[in-house]
Amino acid sequence: MLHAAIRLFLQNGYERTTTSSIAKGAGMAPSSFFAAFASKEELLLVLVKIMFAGQFESAEQMKGATEDDPVLLYAVETALQMYITELSEPLRDLYVTGYSLPSTSEYIYSSTAKRLPHIFGQYMPDAQEKDFYEMDIASAGMMRAYMARPCDFYFTVENKISRFLESSLTLYAVPKEKQRRVIERVLEMNLKTAAEKIITGMAQKAEDGIDLIEE
């Protein structure tokens, strides 16, 4: 059923995909959806976990590019999200919805906040996990807004990434010179290819990761 949902979400987006169409796509009766998931939002939460795991893994695989720099790794991960949403309108819908619904947005805030002290703690030594959680709500709001706005001739994906990273890194008190170096490095990377691999590999990631996620 998860594979059917991925297929339909990629074709139609979240809103236009119904629970009955997901069940039918899995070769089951429409009512069988609710034997597996309490709601479509619950299924999206599983998919959001898979999507984020995929982008984190792709960023971490760029070892030479990230140079074991947690700030650069954070920048690559967020830039990948931007690229993914520019390459696929249905995925733009999925990401924006994921940043909007209660359970999925809470997962994003909570899971990201746990990683932020390692990334930005050196610049904010007095900040606690609660502080990073609250700041991530602001950062995630910016991310959602930037992803929801499609790029055009004047507002390119490079401009979008630069603007978001400048705003987000400022929020986390990263010095301006460090911001400049990180943004320059990100824009030099072939993130489009990495984003395309995440999109094409999403169904396989669901199959490989679903047992771990359910644990």
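A few points about this structure:
- Contacts under 7 angstrom Cβ, first residue in the range 49-77 being under 25 Å from Thr97 (Cα atoms) and modelled with pLDDT of 90 or more, partner surrounded by fewer than 17 Cβ atoms within 10 Å (Cβ to Cβ) and of a type in the set (D, E, K, R), 6 or more apart: Leu73/Glu60
- Ala203, sole failed condition from (1) modelled with pLDDT of 85 or more; (2) surrounded by 12 or more Cβ atoms within 10 Å (Cβ to Cβ): (1)
- Ala75 meets the conditions (1) under 14 Å from the mean Cα position of the chain (by Cα); (2) of a type outside the set (S, T, N, Q); (3) open to solvent by 30 Å² or more (accessible area, probe 1.4 Å) in every case but one. The failed one is (3).
Yes/no per residue for (1) among the charged types (D, E, K, R); (2) open to solvent by 40 Å² or more (accessible area, probe 1.4 Å); (3) farther than 18 Å from Ala194 by Cα:
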| residue | (1), (2), (3) |
| --- | --- |
| Ala79 | no, no, no |
| Asp93 | yes, yes, yes |
| Thr112 | no, no, yes |
| Asp126 | yes, yes, yes |
| Ile137 | no, yes, yes |
| Met143 | no, no, yes |
| Pro150 | no, yes, yes |
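- Filter result (part of a loop (DSSP other than H, G, I, E, B) and closer than 21 Å to Glu188 by Cα) within the range 111-169: Cys151, Asp152, Phe153, Tyr154, Phe155, Thr156
- Against the test of being open to solvent by less than 30 Å² (accessible area, probe 1.4 Å) and not in a helix (DSSP H, G or I), the options Val182, Val174 yield a single qualifying residue, Val174.
- Failed criterion for Tyr95 (all others in (1) without any contact (Cβ under 8 Å) to a residue 24 or more places away in the chain; (2) out of contact with any Asp or Glu (no Cβ under 7 Å at 6 or more places or on another chain); (3) under 19 Å from Gln55 (Cβ atoms) hold): (1)
The values are calculated or read from the model by the stated rules, or taken from the named source; none is laboratory data. Everything numeric here is computed off the predicted structure, so don't read it as measured data. Cβ sites come from the backbone with ideal geometry, for glycine too, and all protein chains shown count toward neighbours. These accessible areas exclude ligands, DNA and RNA; they are computed on the full protein's heavy atoms, side chains included. Shrake-Rupley method; radii C 1.70, N 1.55, O 1.52, S 1.80 Å.
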